[in-house]
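The values are calculated or read from the model by the stated rules, or taken from the named source; none is laboratory data. Everything numeric in this text was worked out from a predicted model, so none of it was measured. All Cβ positions, glycine included, derive from the backbone under ideal geometry; neighbour counts span all protein chains shown. The accessibility values were calculated without ligands, DNA or RNA, using every heavy atom of the protein model including side chains. Shrake-Rupley method; radii C 1.70, N 1.55, O 1.52, S 1.80 Å.
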Amino acid sequence: GGTTEQKRRAGEAAAAHVEDGMVVGLGTGSTAAHAIRALGSTVDGGCEIHGVATSFASKMLAREVGIPLRSLDTVEELDLTIDGADQVVTETGACIKGGGAAHAREKIVASISSELFIVADPSKVTETLDRSVPIEVLPAARTSVTAALTKHGGTATLREATKKDGPVVTDNGNFVLDCSFGAIGGPRSLGETLSSIPGVVEHGLFTGLATAVYVGTAKDVTCYEI
Ligand code: DER
């Protein structure tokens, strides 16, 4: 993965676009965390915004840095969401998310935001998505979904927790399958296939959502408008 400096530059560059009065989606992960911390300083400076968290993690960090929060079920639309990615194609904004198992709520928040700024370090940038795709599933459907994914050429593994016995359990109480498909030529159509499998709550292919990608380097930031 990237360095703290690269992540910080990406997060802070995206956060700089937040204006007074905005409702801002607060992404999950270490890169989005830099944006959340930057927004905490903006709020300290008198900027009046409301944040909508995408996970317990981002909610707790937002509280820590003093960003007033709205719960997702109280908003119909947001001005801007800032979130990270596990892999991103800077030309199209297509990305794989879900490394933090927060992609179900992240996608809801992103889908009702006017703008979605993906923040990343260079290690996340690729020409073709080829990482495994995180798929949140109802626990009861883990076996049936695994079988369906195999039929679609995927190889799925249940995401085991490290500091808890048994599988990772998402903030929504579900399991995560990490499914590799090799190089993904058509992320939108693969995403539609994954969404059609009964028991799939949400997959980590984000297409047609990002409006900009901020890639932080050691010295500066590159912004790719989508
Ligand atoms: O879980 C997620 O979607 C996160 O955004 C993740 O993909 C990126 O986390 P990172 O910024 O810590 O690499």
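General observations
- Taking the Cα centre of the chain as reference, the dipole from Cβ charges on Lys and Arg (+1) and Asp and Glu (-1) amounts to some 740 debye.
- With K and R counted +1 and D and E -1, the other residues having a Cβ less than 10 Å from that of Ser113 yield a net charge of -4.
- Average accessible surface area per residue within the chain, 1.4 Å rolling probe, Å²: 46
- DSSP-defined beta bridges in segment 88-226 - what % are antiparallel, rounded to 5: 80
- Between segment 153-226 and segment 61-114, the Cα center-to-center distance that results, in Å: 13
- Note on the chain: GNM, Cα springs under 10 Å; of Asp171, Asp130, Asp20, the largest mean-square fluctuation is that of Asp20.
- Surface/4 estimate of mean projected area, convex hull on alpha-carbon atoms of segment 6-71, nm²: 3.7
- Candidates Phe56, Phe206, Phe175, ranked by Gaussian network fluctuation over the chain, Cα under 10 Å, top entry: Phe56
- Apportionment of accessible area to carbon and sulfur, the chain, percent (1.4 Å): 49
- CD proxy at 222 nm, helix term only [per DSSP H run n ≥ 4: -39500 (n - 2.57); per residue of the chain; nearest 500]: -8500 deg cm²/dmol
- Extension gain from Thr150 to Asp220, taking 0.36 nm per residue of separation minus the Cα-Cα distance: 21.0 nm
- Taking the Cα centre of segment 35-157 as origin and assigning +1 to Lys and Arg Cβ atoms and -1 to Asp and Glu Cβ atoms, the resulting dipole is close to 560 debye.
- Most mobile listed residue (Ile118, Ile96, Ile197) in the chain, GNM with C-alpha springs under 10 Å: Ile197
- With R₀ fixed at 25 Å, the C-beta to C-beta distance from Leu69 to Glu127 puts the FRET efficiency at about 0.10.
- Only Cα pairs under 8 Å and 6+ residues apart enter the sum, and on that basis the relative contact order of the chain stands at 24 percent.
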